């Protein structure tokens, strides 16, 4: 495979062919500008300052070079959902001052690897994972790991779709476990707009419900004020509801190539 034909998931390559790199940078700049405009408009509509919302670019399946180009355009927060790909990219880009967010479902046996590079884990959904992350952090000399509880809003109607997350009724128990775990910091909540249940097709209502749960959590832990919600298709609804972080991939990077 020639250099300019490498697969989209090759996270170790550092530079595209000279003729490709400027064109890709222009594509990314255009996508980023469009998303920034959407975020700014949504903030205006909600009466919020643009500074209240952090854009996290989800770069799964895209090469480390895209991250490097986006960093040159001012992006600092990046997310991955698979540990192997995330670890390789973080290593390849260790020279850059980036913040890494892990947003995928996480197996306990990957906890040690994730704690080597992640600044935030958005997908904490069970006490066993809390324990595994705490053990892994204890083995490293690092700052506390910021953890978000993933909330499965569809569970309220008994229609969990296997996308991960804890029933809203279980948030308090999981929050208590995180608060008691050494080396971990409860940062807030994360959710994905449900595909099933009462909130299916209604991301605005789903994110409003998430904000209610977040409000209850802040009564217990005022510092747990991060709300990660909204993706390319529904970032406006999330921002209007009150999300502090939006996770956007294809709207910045383009349509993700088919795998396989």
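In degrees, nearest 10, range 0 to 90: what is the angle between the Cα axis of helix 171-180 and the longest Cα principal axis of the chain?
80 degrees
Can you give the relative contact order of the stretch 64-190 as a percent, counting alpha carbon pairs under 8 Å and 6+ residues apart? Could the numbers behind the result be given before it?
Details: 214 pairs, mean separation 26.5, N = 127.
Dividing the mean separation by the residue count of the stretch 64-190 yields 21 percent.
Using a Gaussian network for the chain with springs between C-alpha atoms less than 10 Å apart, which of these wobbles most: 84, 105, 139?
139
Would you mind checking the tilt of helix 83-92 against the longest principal axis of the Cα atoms of the chain, expressed as 0 to 90 degrees and rounded to 10?
Once rounded, the angle reads 50 degrees.
Mean separation of Cα pairs under 8 Å and 6+ residues apart, divided by the residue count of the chain: what relative contact order is that in percent? Please list the in-between numbers first.
Working: 491 pairs, mean separation 49.4, N = 260.
This gives 19 percent for the chain.
Enumerate the residues in the stretch 210-227 having an amide nitrogen under 19 Å from the point lying 7 Å beyond the Cα of residue 179 toward its Cβ.
Counting backbone N atoms under 19 Å from the label point, the list is 211-227.
Pairing the Cα long axis of helix 21-46 with the longest principal axis of the chain, what angle in degrees results, from 0 to 90 and rounded to the nearest 10?
With both axes taken from Cα atoms, the answer is about 30 degrees.
Return the percentage of antiparallel bridges among DSSP beta bridges fully within the chain, rounded to the nearest 5 %. Let's see the in-between values first.
On the way: 0 of 26 bridges.
The antiparallel proportion sits near 0 percent.
Here, each number is a calculation from the coordinates, and none is a lab measurement. Predicted model, so just to flag it, every value in this text is computed and none were measured. We place every Cβ from the backbone using ideal geometry, glycine too, and count neighbours over all the protein chains shown.
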